[in-house]
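Have a look at the structure below before the remarks.
Rule-based calculations on the coordinates, nothing more; no lab input. Not measured: the values here are computed from a predicted model. Heads up, the Cβs are rebuilt from the backbone with ideal geometry, glycines too, and the neighbour counts pull from every protein chain shown.
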Amino acid sequence: MTVEKQLIEKKYYETIMPDQENDNLVQFLGNLYMSEQNNKDSDLSYIRFSQGEVYFQNKDYETAIFKWEKVHNHLEYWARKNMADAYYELSQFPKAIDLYKSVTSESLALNSEVALKLFSIYNEMEELDLAADIIKKSVSLNPDYPTLTEVARSFFEEYRDWSSAIELVVNEAIRTEHIQWFEVLNNYVEEGLTKPTPPDYYSELLEVLYSVDQRCFEKLVVSLWNSYKDEEVYFSWLSEINRLILRIEIDPSKTWHDLAANYYETYFNLISGQYLLKEIRDIVPDLLTNWLHVADDTYSIFAATSVLAWNESFKTSVSSTIVEKAEYILKNSNKDTVNIDRSIELFDEITNWTKSLKLDIDQRLKYSVNKVKDLQTNYLLITGMHENGKTTVIKSLLSNNSGSSPAGTVVCYSNDKEFQLYEISSHSIHPVESFNELFEMKQEEKEEEEGNTLQTSLIHVKIPNRFLEENQLTLINIPDFNYNANEAMKHNKKEELTFAQFADGLLYVLTPTTLFSERDRELLLKLQEQLPNVPIHFLLKTDAIYHQEEVTQLVEETRTIISDSFPKAKIFPYSTHNKSSKQTEDLSGFIQEVFNYQSRTDVRNRKLLFYIRETLTYLLKRRVETETQITEEIRWKEDVVSKVNAAVHQLSDLEREKMDIMQRSYREIKDDIKMDLKMAIPKLLKECSSLIKEDSNFGNIHIELNEKMNERIHNYIEHSVLPKFSKGINVWIEKSTEEFSLSQDYLEEMSEGFNMMYGQLRFNLKCDFKVVDDWSRDALRISNGVQLETINILNRSTPSQLVMKGAGKVFGTLLPNKTMLCNMYKNLIEKEDYEKVATASTNQFMLQFELFEKGLERDITMFFKAPFIDLQEVIINEQLDIQHKKERLQQLKSNPESYIDPISLFKVKLLQIEMMQKETNKSLFFA
């Protein structure tokens with residue numbers, strides 16, 4: 001045991017003891033001390049130091065401290081450290097800490113021991129920051145000290161100080177190159193603890209690990225790769241790992257399967273359309289270079305075609321050496337990489353991307369792709385020159401359940417339980433009732449286009465048909481050719497043939513009269529160019545031939561004629577008059593023979609790749625069309641908003657006009673009645689003088705006359721005024737209703753105009769005629785009678801009325817001359833001024849008429865309220881839509897790469913799949 005180890009374990013006393021064991025160390029050291037103290041040259045510090053160790057072991061900490069305090073030689077700092085240990089055991093932490101801190105020695109072991117002790121105290125006192133600081137310094141000072149790094153790691157892990165734990169593990173892994181530290185770090189990575197750490201932090205460590213253990217290197221790289229995926233620093237990681245692998249020149253002779261798998265997944269993720277080119281352009285070349293270096297047999301063909309496809313799309317981005325290596329791998333690869341699922345996945349990616357942008361792929365392309373994906377169904381295209389009888393052949397096969405193909409259509413017939421007919425255009429799929437309706441629709445489209453080329457429609461016809469069912473067959477029909485070969489490719493034929501690409505084979509109808517003319521040859525060679533993956537065969541229509549020998553001879557003649565151009569083509573003689581099951585069975589056998597099932601997946605994959613390329617071309621055009629369409633929609637909607645705003649102003653003017661007319665006419669009725677009352681009431685009251693007789697009771701004559709006067713006013717109102725009002729108000733209501741009806745007619749014309757603009761029933765501006773019913777009810781209530789209060793006519797304090805009251809009381813008791821008194825009263829009644837009475841009565845009667853008039857403005861406003869609301873809603877909705885479209889248009893114009901870049905990357909992926917597509921010998925189809 002070394003002296004340093006003895007000091008650490010407090011067994012230094014063994015250095016001054018004899019070899020033999022001594023059971024009583026205290027007595028032995030005491031005797032040694034007594035014998036040495038008389039020796040002037042003796043250093044008693046050694047003995048005291050050893051005594052302190054023995055006392056400490058016997059838990060006599062105070063005596064141990066006493067002894068160590070007397071040590072003054074080179075063991076003094078060890079003694080101080082031991083004294084601190086004793087105080088620690090006595091739980092006197094402050095004294096222990098002070099003593100530990102007072103130790104200043106050059107001994108790494110002593111300093112490490114002190115650090116560990118301080119760490120323990122701080123940890124026990126839960127002073128975690130101090131504990132962490134001291135253990136980090138200790139590791140930095142003496143990382144080789146036994147258990148020090150393990151203690152530090154346990155502490156960091158316990159208190160989840162992962163940044164410190166990672167730093168410790170990385171430093172120790174680099175320093176010691178021990179695999180265990182790399183494995184610890186890998187566990188941290190797999191637990192997601194290293195994600196906050198920047199990727200370049202691990203570069204040195206990975207470089208060291210590559211030289212130590214390459215399998216462990218691959219494992220840690222893959223773990224880090226997966227942990228950084230979907231993190232903000234993912235691209236930083238990709239750049240860093242690519243630079244590292246290029247720098248260390250990774251050994252390609254080794255197997256790097258997991259690393260190659262990560263490169264595979266990463267590359268296809270980068271070109272999936274979710275990133276812009278500017279984000280990945282600098283990363284991909286190095287990524288592809290490294291992938292090609294590490295790719296094993298599983299991934300080599302993918303890496304090679306990825307390099308070539310990327311370099312083809314972005315010239316000189318990959319070094320020529322890497323391109324040559326990729327070309328060599330592709331050329332010498334025997335691996336069959338045809339996989340239609342990969343192509344289907346690409347089409348689905350494109351579809352999902354368009355959905356995220358709220359765009360849609362051409363429905364005809366979608367339909368065609370679905371046909372290609374259906375590997376269980378055979379698709380047979382039947383065509384021929386005009387008047388060659390192709391239509392009669394198709395009708396014969398379909399039991400006359402077919403129609404000819406309208407211009408600009410590709411008609412597909414499939415078996416189903418009942419008849420159904422659908423038109424598939426670029427933007428929609430909708431049912432059609434019959435072929436007659438279909439022809440009418442196409443004729444209307446042709447007239448609307450005024451000589452322009454019609455857009456091709458796909459027509460899917462479902463009919464019950466045994467022949468189609470037994471052969472799992474869909475027949476495809478396109479309009480007959482009636483131009484020379486070059487002209488035939490014009491006049492919409494090229495687009496029609498685009499949507500006939502999913503055919504598995506083509507049957508060209510010939511007749512005995514022309515057999516195979518030069519015009520047929522020229523046309524078929526053009527068709528072969530347009531339909532490179534569709535084998536061409538022939539159906540010889542033999543309706544006018546009755547002898548088998550003649551049919552056989554014609555078939556041989558035809559075969560001789562076509563052999564130069566189509567040596568692999570087969571010929572089937574067919575008579576539409578022959579209804580025998582034998583001919584049907586032979587035709588079924590012929591169809592099964594010409595379909596090449598062995599290469600079905602391969603050929604269908606080629607067709608699918610064709611439609612994917614067509615889809616990408618369509619989407620590029622669609623962007624320009626979208627900008628134009630949105631611009632036009634904005635212009636159109638702004639025009640609509642302007643017109644609807646104008647309509648709102650017109651409606652406001654109309655409302656004011658009708659309000660003015662109705663209020664003015666009502667006011668005329670009201671004023672007429674008011675004038676009538678003011679003129680009639682005074683006259684009625686003066687005529688009441690006739691009620692005074694010589695035998696009247698003059699004592700209360702004024703009371704009786706007052707009652708009679710009120711009664712006459714009431715009778716006049718009830719029998720004269722109210723009937724006049726009823727007649728007038730009914731006429732007014734009729735005229736107002738007419739005005740309202742004219743307004744409604746105007747709004748209906750307005751609605752019709754706007755609906756024509758929209759091309760749909762969008763406006764239905766309806767006014768509220770309930771207002772008229774309310775007016776009629778109120779008019780009837782008023783006409784049925786008005787409750788008036790009794791007016792004080794003769795009981796007021798005017799001079800003449802005072803005379804009347806006084807005279808009646810005085811003369812009524814004295815029995816004066818009755819004639820004189822009667823005349824006096826009559827004279828007073830006839831000469832009295834009843835203007836105020838008339839005004840009061842009129843105002844009381846007219847009160848409800850005034851209330852009715854005040855409600856007119858509110859009622860007329862209510863009548864027009866719903867149209868105003870409807871128009872304002874249209875304005876608000878259209879303005880919101882305009883703003884949304886402007887924002888989208890701005891986004892398209894200001895950030896075109898967000899649309900174009902994904903398409904470019906889809907093209908890269910398509911190009912790669914096309915490169916991986918195994919070349920199939922064209923002799924399968926053509927000469």
The extension gain from GLU231 to ASP416, computed as 0.36 nm times the residue separation minus the Cα-Cα distance, is 61.4 nm
Two pseudo-spin positions, 7 Å from Cα along C-beta at ILE248 and at SER35, lie apart in nanometres by 6.5
For LYS683, the aspartates and glutamates lying under 13 Å Cα to Cα, once residues fewer than eight places off in the same chain are dropped, come out as GLU830, GLU832, ASP833, GLU835
Too long for a 30 Å Cα-Cα cut-off, among LYS325/LYS907; LYS229/LYS621; LYS355/LYS865; LYS643/LYS885, are LYS229/LYS621; LYS355/LYS865
From the cross-link list LYS670/LYS836; LYS735/LYS854; LYS417/LYS579; LYS5/LYS95; LYS315/LYS568, the entries with a Cα-Cα span beyond 30 Å are LYS315/LYS568
Segment 247-303 and segment 201-221 have their Cα centres apart by a whole-number Å value of 18
The distance between the Cα centres of segment 70-120 and segment 529-584, in whole Å, is 108
With N residues in segment 287-398, Rg(alpha-carbon) / (2.2 N^0.38 Å) equals 1.63
Note: LYS643 to GLN891 extended length (0.36 nm per residue) minus current alpha-carbon separation gives 86.5 nm
At 37 °C and 0.692 mPa s, the Stokes-Einstein diffusion coefficient in µm²/s for segment 376-595, with hydrodynamic radius from the Kirkwood sum on alpha carbon pairs, is 183
The FRET efficiency for MET757 and ARG664, from their Cβ-Cβ distance with R0 = 35 Å and rounded to 0.05, is 0.45
Counting only DSSP beta bridges with both partners in the chain, the antiparallel fraction in percent, to the nearest 5, comes to 30
Compactness summary of segment 643-864: radius of gyration and Dmax from Cα atoms, Å, are 26.6, 97
Taking only C-alpha positions in segment 648-700, Rg and Dmax in angstrom work out to 23.1, 74
Charge tally for neighbours of TYR61 with beta carbon under 10 Å away, counting Lys, Arg as +1 and Asp, Glu as -1, is -3
Packing-ranked peptide list from 471-477, 392-398, 772-778, highest mean Cβ count within 10 angstrom first, is 471-477, 392-398, 772-778
Only helices counted: for the chain, with every DSSP H run of 4 or more residues adding -39500 (n - 2.57) and the sum spread over all residues, [θ] at 222 nm is -21500 deg cm²/dmol
Given 161-170, 500-509, the highest-first ranking by average Cβ count within 10 Å works out to 500-509, 161-170
With Cα coordinates, the longest principal axis of the chain makes an angle with the long axis of helix 203-212, in degrees rounded to 10, of 40
Set LYS195/LYS219; LYS219/LYS909; LYS59/LYS81, cut-off 22 Å on Cα-Cα distance; pairs above it are LYS219/LYS909
If R0 = 45 Å, then GLN879 and GLU529, at their Cβ-Cβ distance, give a FRET efficiency to the nearest 0.05 of 0.30
Most packed first (mean Cβ within 10 Å per residue), the peptides 743-754, 219-230 order as 219-230, 743-754
P(r) of segment 139-276 over all Cα-Cα pairs, 10 Å bins starting at 0, rounded to whole percent, reads 11, 41, 32, 13, 3, 0
For the chain, the longest principal axis of the Cα atoms and the Cα long axis of helix 257-270 enclose an angle in degrees, to the nearest 10, of 30
With a ≥ b ≥ c from the Cα gyration tensor eigenvalues, square-rooted, and the rule rounded for a/c under 1.5, otherwise prolate when a/b > b/c and oblate otherwise, segment 120-194 is oblate
Scattering profile of the chain from the Debye formula, Cα beads only, expressed as log10 I(q)/I(0) at q = 0.05, 0.08, 0.10 Å⁻¹, is -0.69, -0.98, -1.19
For the chain, the longest principal axis of the Cα atoms and the Cα long axis of helix 518-530 enclose an angle in degrees, to the nearest 10, of 70
On the formula 1/(1 + (r/R0)^6), with r taken between the Cβ atoms of LYS355 and LYS683 and R0 of 56 Å, the FRET efficiency rounded to 0.05 is 0.05
